[in-house]
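Before any comments, here is the structure.
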Amino acid sequence: MTEYFLLIISAIFVNNILLAQYLGNCPFLGCSRNIGTAAGMGAAVVFVVVMASGFTWAIQRYVLVPFSLDYLQTIVFILVIAALVQFVEMFLKKAAPPLYKSLGIFLPLITTNCAVLGIAIICQRKDYGIVKTLVFSFASALGFMLALLLMAAIRERFELSRLPQSMKGAPAGLVMAGLMSLAFFAFKGMIS
Amino acid sequence: MSTLWKEFSKGLWNELPPFRLVLGLCPTLAVTKTANNGLGMGLAVIFVLTLSNMLISMVRKIIPAKVRIACFIVIAASLVVAVELLMQAYAYPLYQQLGIFVPLIVVNCIILGRAEAFASRNPVLPSIADGLGMGVGYTASLTFLGALRELFGYGTVFGAPVMWGSFKPFSFMIEAPGAFVCLGVLLAGMNFFSAWQARRKGGPDAVPAVSDCGSCGMCDMARKRG
Amino acid sequence: MREIMKMVVVLSLISGLSGAVLAWLKDATKNRIEEQVLTYVQGPALEQVFPPHDNNPITDRKRFEVPGAPGESVTIFPALKDGKLAGYAMETYGQGYGGDIGVIVGFDAGKDALTGIGVTTMKETPGLGTNVAKHGFTTQFAGHPLEKLELKSKGGSIDAVSGASYSSTGAITAVQKAVALRDKLKDEIGKTWQ
């Protein structure tokens, strides 16, 4: 049990996928204008990341490794993720229109979110079993959502503040991310 | 010839990938601990980008519009796997250093962005020039950022010590926070510089690069589709 | 209908072509990649366990079939000095706390003793289990005779890493496996490299 607890804490705080592992910066800077968008994007990422990691784990284990095709990992994973995203989009459209309305517009953006492919590959490289893969990917995605929400909350404030013209937009966002990352850095000492 | 040069050179300054068209940030932040890693990543991107632009431009007329994204992804991903194999065979330490960012080249917005915005609408030669230019610009930016972080973080550039003897490495620079702040300040510097240039020419103020999903080619595609 | 056909044909053509090219590339780079992985993953541990030698143990490596166990084989890395076999090493695995621990075990060619061990891969708890790769634990094996390779708590002569008995047992299991393999292959190795 402690093992899973540590895995979760370390994935959310210590090795935050965004602030410590640099994955998923495009949506981080692009979709953090307001908290509503950030929450939608975050939820969609959690959903897709967990599904994608589970699927890719099964494919790696039951298709790629037995046929020793593991060098094709990158191709297969990205295609699986792209197909999965399409499928989820269609499914939500039919089965849960309200959910589709709130998450739907974010889904196509997720295919190229490197956090999704990144987490799937990290799980493989660390040789996690299926339970660990699911727990780890869920916690990592939660960490992504947390960072995104915090960023959106900060950004809503500084949209109103007076910044030098050349700092507006991405530069200020990056510096903010740096400061947040510094704060998260403090968790490093927690789990050695 | 001059048009080819135009396509090539736009990637070097006017549309310099990570700085002007805020694209492909994740590897820009992650692999620039040292100048060497930045350069290695850049070279891998040049390889993938130039070849993917070339191949996509070659097949652009036979790809049905509806599955073009899937085709682009297959082509880009195949090239990435090729890079992975070649890197393992000829530059294993670099492959270990770059870690998961080698396979992640496939989701680097620059690759699919250029495929959609340029290679799928232009003949082969200009597409190669475009890919090469963007790739070289990207490499230069990554190497520059890497050199800067290495200089302050380790006191070396390309592994050679350059700082004075009593220099204390500023390890903030090589950790995640340093990467974000460093890139942010560099972007601001670029914006400031272009604004100053525009003012000197007497033109209107240059609009600072705004990072939005819109700046990312792939997201743009997704939006058009959706 | 025609359009769908075209989509399917184009997509499978592209996928097939890239698959063929990649399979070829994979094949072409296979040997080099294996060598590179050995150099950078096993290499440091190999250098750690070997007596002075003047060859490259990785390029001189050879696979041996294990007698009595069809289908099983093990790669032996020889250390040659002036053309004569000074020692050899092999990689074996033992179950640790977080997964398999890979250990390079070096043997003296002249007498029945180990020259040392070096850990290559492991997933042990950082700060505890990872200490099996550290100096204090591995140095116990240098020059150790092939008997009594067991933890002190089990009647052997090896001190476990404190707080990491699973990892220590895993490393020792790997060493014992290597000793068992060496018993079976000793003569053949002696014949291959004088």
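Considering only B:Phe167, B:Gly38, B:Phe72, whose Cα is most displaced toward the positive end of the charge dipole of chain B, charges sitting on Cβ of Lys, Arg (+1) and Asp, Glu (-1)?
With unit charges placed on the Cβ atoms, the residue in question is B:Phe72.
Please compute the average number of Cβ atoms from other chains found within 10 Å of each residue's Cβ in peptide A:59-72.
Average per residue, whole number: 2.
Fewest first, what order do B:Leu23, C:Leu11 take by the number of other Cβ atoms within 10 Å?
So the ranking, lowest neighbour count to highest, is C:Leu11, B:Leu23.
So for C:Lys62, C:Lys134, fewest C-beta neighbours within 10 Å to most, what's the order? Working shown, then result.
Values: C:Lys62 14, C:Lys134 11.
Fewest to most other Cβ atoms nearby, the residues stand as C:Lys134, C:Lys62.
Once the Cβ-Cβ distance between B:Phe167 and C:Asn56 is put in as r, and R0 is 45 Å, what FRET efficiency do you end up with, to the nearest 0.05? If you can, show how the numbers build up before the last one.
Values: r = 38 Å, r/R0 = 0.86.
Once the sixth-power term is evaluated, E becomes 0.70.
Please report B:Ile62, A:Ile8, B:Ile111 as a ranked list, fewest other C-beta atoms within 10 angstrom at the top and most at the bottom.
Numbers: B:Ile62 12, A:Ile8 17, B:Ile111 33.
Arranged by neighbour count, lowest to highest, B:Ile62, A:Ile8, B:Ile111 become B:Ile62, A:Ile8, B:Ile111.
Under a Cβ-Cβ cut-off of 13 Å, what is the net charge of the residues other than C:Lys184 that fall near it, where Lys and Arg count +1 and Asp and Glu count -1?
Details: positive: C:Lys177, C:Arg182, C:Lys186; negative: C:Glu65, C:Glu72, C:Asp183, C:Asp187, C:Glu188.
With Lys, Arg at +1 and Asp, Glu at -1, the neighbours total -2.
Given segment B:25-92, report the % of alpha carbon pairs whose separation exceeds 13 Å. Please report the intermediate quantities before stating the final value.
Values: 1565 of 2278 pairs.
In whole percent, the long-distance tail amounts to 69.
Among C:Lys84/C:Lys177; A:Lys126/C:Lys26; A:Lys93/A:Lys168; C:Lys148/C:Lys186; B:Lys66/C:Lys30; C:Lys62/C:Lys177, which pairs are too far apart, with a Cα-Cα distance over 29 Å?
Values: C:Lys84/C:Lys177 26 Å; A:Lys126/C:Lys26 23 Å; A:Lys93/A:Lys168 37 Å; C:Lys148/C:Lys186 19 Å; B:Lys66/C:Lys30 37 Å; C:Lys62/C:Lys177 18 Å.
From the list (C:Lys84/C:Lys177; A:Lys126/C:Lys26; A:Lys93/A:Lys168; C:Lys148/C:Lys186; B:Lys66/C:Lys30; C:Lys62/C:Lys177), the Cα-Cα distance tops 29 Å for A:Lys93/A:Lys168; B:Lys66/C:Lys30.
Scale the Cα Rg of segment A:21-185 by the rule-of-thumb value 2.2 N^0.38 Å and send over the ratio, two decimals. Display every interim value, and only then the final one.
Working: Rg = 17.3 Å, N = 165, 2.2 N^0.38 = 15.3 Å.
The value comes to 1.13.
Sorted from largest to smallest, which semi-axis lengths in Å does the alpha carbon gyration tensor of segment C:47-192 give for its equivalent ellipsoid, taking the root of 5 times each eigenvalue? It would help to have the intermediate numbers written out before the result.
Working: eigenvalues 129, 51, 42 Å².
Taking √(5λ) for each eigenvalue gives 25, 16, 14 Å, largest first.
Based on the Kirkwood radius over alpha-carbon pairs, what is the Stokes-Einstein translational diffusion coefficient of the protein assembly as shown at 4 °C with 1.567 mPa s viscosity, in µm²/s? Each step should come with its number before you reach the end.
Numbers: Rh = 26.6 Å.
Diffusion coefficient, whole number: 49 µm²/s.
List the aspartates and glutamates whose Cα lies under 18 Å from the Cα of A:Lys132, skipping any in the same chain that are fewer than 8 positions away.
Correct list for A:Lys132: A:Glu3, C:Asp100, C:Glu124.
Calculate one ³J(HN,Hα) per residue across segment A:41-58 by plugging θ = phi - 60° into the Karplus curve 6.51 cos²θ - 1.76 cosθ + 1.60, and present them in order as whole Hz with x for glycine and proline.
4, x, 5, 4, 5, 4, 4, 5, 4, 5, 4, 5, 5, x, 4, 5, 4, 5
GNM, chain C, Cα, under 10 Å: largest mean-square fluctuation among C:Lys177, C:Lys111, C:Lys26?
Evaluated over chain C, the most mobile residue of the options is C:Lys26.
For chain B, what is the charge dipole size about the Cα centre, in debye to the nearest 20, if Lys and Arg each add +1 at the Cβ and Asp and Glu each add -1 at the Cβ?
600 debye
Under the rule of -39500 (n - 2.57) per DSSP H run of 4 or more residues, summed and divided by the residues of the protein assembly as shown, what mean residue ellipticity at 222 nm is obtained, to the nearest 500 deg cm²/dmol? Working shown, then result.
Numbers: 22 runs with 346 residues, N = 612.
Dividing the helical sum by the residues of the protein assembly as shown leaves -18500 deg cm²/dmol.
Give the separation of the Cα centroids, segment A:119-192 to segment C:161-182, in Å.
So the two Cα centres are separated by 40 Å.
So what is the diffusion coefficient of segment B:81-149 in µm² per second by Stokes-Einstein at 25 °C and 0.890 mPa s, using a Kirkwood Rh over Cα pairs?
180 µm²/s
Each residue of segment C:47-62 in order: what ³J(HN,Hα) in whole Hz does its phi give by Karplus 6.51 cos²θ - 1.76 cosθ + 1.60, θ = phi - 60°, with x for Gly and Pro?
Along segment C:47-62, the couplings run 4, 5, 8, 7, x, x, 8, 10, 10, 9, x, 6, 6, 8, 5, 8 Hz.
Hey, could you pull the Cα Rg and Dmax for chain B, both in Å?
For chain B, the Cα radius of gyration and maximum Cα-Cα distance read 18.3, 63 Å.
With θ set to phi - 60° and the Karplus curve 6.51 cos²θ - 1.76 cosθ + 1.60, what are the ³J(HN,Hα) couplings of segment B:178-185 in order, to the nearest whole Hz, using x for Gly and Pro?
Coupling constants for segment B:178-185: x, 4, 5, 5, 4, 5, x, 5 Hz.
Quick note: the coordinates plus some simple rules give every number you see, no bench work behind them. In this text, all values refer to a predicted model and were calculated from it rather than measured experimentally. Neighbour counts run over all protein chains shown; Cβ positions are idealised from the backbone, glycine included.
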